[in-house]
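To keep things clear, I will list the structure first and then write my remarks on it.
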Amino acid sequence: MSEKQLTAPDILARKGGAKIAMLTAYDHPTGLLADAAGADAILVGDSVGMVCLGLPDTLGVTMADMLHHTRATARAVKHALLVADMPFLSYQTSVPEAVANAGRFLSEAGARAVKLEGGAEFLPQITAMLDAGIPVMGHIGLTPQQVARFGGFKTQGKTAQAARKLVDDALALAEAGCFAVVLEAVPDEVAAHITERCPVPTIGIGAGPHCDGQVLVQHDVLGLCPGVKPKFVKRYADLWTPAREALAAYCDEVREGSFPAEAHTRHMAEDELAAFNTRRDG
Ligand code: KIV
């Protein structure tokens, strides 16, 4: 693990070198975990809406939500580059609003870069953020903030025309100055081609093994969310089952009176207890 905290230029310098391992985190404990595990970059993703807030998609996630979760995560992260996700409508509406919102993640919440979804259509916002000194990570392919337009969470770039648009977008984002580009739910062949041509690191999620790095949602890696598992996710643990069993054991012990036991119980000093009993009796 590196001594100093990684920066956006450090991640950029990894192009074609050691692969970049990125994880999401949403709060202090998950930030501590990802940082202790040696992640190179930690993303406070707007996936917080689905993973932590019980929302059906990311469209309801607000700037206030993202700032709150980024602040908590930033207090934990000491080694990885901390990237905050720009939520829906925080950058799409105008260039000044985009810069002001992106800047808040650095000045108020402790992030050192932002990520935003979309291709060449957002170059004015990206250029203005970079001019303001805010490192930007791009994100193309399945961009979940477009779920209503896509009609669901579907693989993108499956036709030759759509694949060419993804290549053009990746190159445009790199040329504008993004230090890395996330490729989400993109066919392996397209991700491999983009990775070969793009001068900045590609970070894949559901985009095959040829990207310069990978990102996964921490709760998926740990098996903390029951239910369906997307094909691209590898669960490295099933923490849901032991966690549920531990909590059920606690509930049982409370009900049957075996918790708290003597080991979990505090007592008064004998003289204080005697005085307490005397006054109580008198
Ligand atoms: O919000 C998120 O978690 C993301 C990653 C999946 C890339 O955008």
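Observations, loosely collected:
- Qualifying residue in the range 93-105 (condition: assigned to a loop (DSSP other than H, G, I, E, B), at pLDDT 95 or above and surrounded by 15 or more Cβ atoms within 10 Å (Cβ to Cβ)): no
- Among the residues of the range 63-112, just one is farther than 19 Å from residue 31 by Cβ and acidic (Asp, Glu), namely 97.
- Residue within the range 247-261 that is over 30 Å from residue 123 (Cβ atoms), under 17 Å from the mean Cα position of the chain (by Cα) and among the polar types (S, T, N, Q) present: no
- Boolean, residue 168 is touching a residue at least 24 places away in the same chain (Cβ under 8 Å), open to solvent by 10 Å² or more (accessible area, probe 1.4 Å) and away from the ligand (no atom under 12 Å from the Cβ): yes
- Taking the range 175-245 as the region of interest, the strands (runs of 3 or more DSSP E) fully inside it that hold 2 or more residues being open to solvent by 10 Å² or more (accessible area, probe 1.4 Å) are 213-216.
- One residue from 105, 122 being touching a helix residue (DSSP H, G or I) at 6+ places or on another chain (Cβ under 7 Å) and within 16 Å of the ligand (Cβ to nearest atom): 105
- Qualifying residue in the range 12-27 (condition: of a type outside the set (Ser, Thr, Tyr) and assigned to a helix (DSSP H, G or I)): yes
- Yes/no for residue 124 being part of a helix (DSSP H, G or I) and either crowded, with 17+ Cβ neighbours inside 10 Å or in the same structural domain as residue 42 (by TED's automatic domain parsing) (or both): yes
- Of all residues in the range 138-155 being open to solvent by less than 40 Å² (accessible area, probe 1.4 Å) and either closer than 15 Å to residue 173 by Cβ or over 22 Å from the mean Cα position of the chain (by Cα) (or both), the one that is nearest to the ligand (Cβ to nearest atom): 139
- Residues in the range 41-70 that are open to solvent by less than 40 Å² (accessible area, probe 1.4 Å), part of a helix (DSSP H, G or I) and more than 9 Å from the ligand (Cβ to nearest atom): 63, 66, 67, 69, 70.
The values are calculated or read from the model by the stated rules, or taken from the named source; none is laboratory data. Not measured: the values here are computed from a predicted model. In this analysis, Cβ positions are derived from the backbone assuming ideal geometry, glycine residues included, and neighbour counts consider all displayed protein chains. Quick note on the areas: whole protein, heavy atoms, side chains included, nothing else; ligands and nucleic acids left out. Shrake-Rupley method; radii C 1.70, N 1.55, O 1.52, S 1.80 Å.
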